[in-house]
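Chemist: Got a structure for you, written out below as structure tokens; questions coming shortly.
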Amino acid sequence: MPRNSKNKTTKKDKLTLKEKVSEALELPKELILDIPKITLVGNKQLLVENYKGIIEYEDNKIRLKTHEGVIKLEGTNMIIKEITSEDIMVNGKISLIEFQN
């Protein structure tokens, strides 16, 4: 039996209320949905906004907890240059950014 086009759902239909509000008011999703925002400058500097905590910190590996899961960074000579309760900046030679749920 053919499917009725009224029964088809799109990605937009499955948006949460917060996502709909964010889109309607044109607000940044990272603020409304508490998701991490990552800014990478070359492979030398990384800024993560909306992180929740540091899970692991070594000069070649850093793991950060976020609302969406874990962000794993690998590289060499990595240091935490700046840190606040919401943002963290990592300097060094970053070779891998991995998202883990």
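Chemist: Which links in Lys14/Lys72; Lys52/Lys93; Lys20/Lys61; Lys14/Lys44 stretch past 31 Å when you go from one Cα to the other?
Modeler: Correct reply: Lys20/Lys61; Lys14/Lys44.
Chemist: While we're here: How charged is the neighbourhood of Ile80? Take every other residue with its Cβ under 13 Å from the Cβ of Ile80, and add Lys/Arg as +1 and Asp/Glu as -1.
Modeler: Its environment carries a net charge of -2.
All of the numbers you see were taken from the coordinates with simple rules; none came from a lab. Treat the numbers as computed from the prediction; the structure is a model and nothing was measured. Note that we place each Cβ from the backbone using ideal geometry, even for glycine, and neighbour counts take in every protein chain shown.
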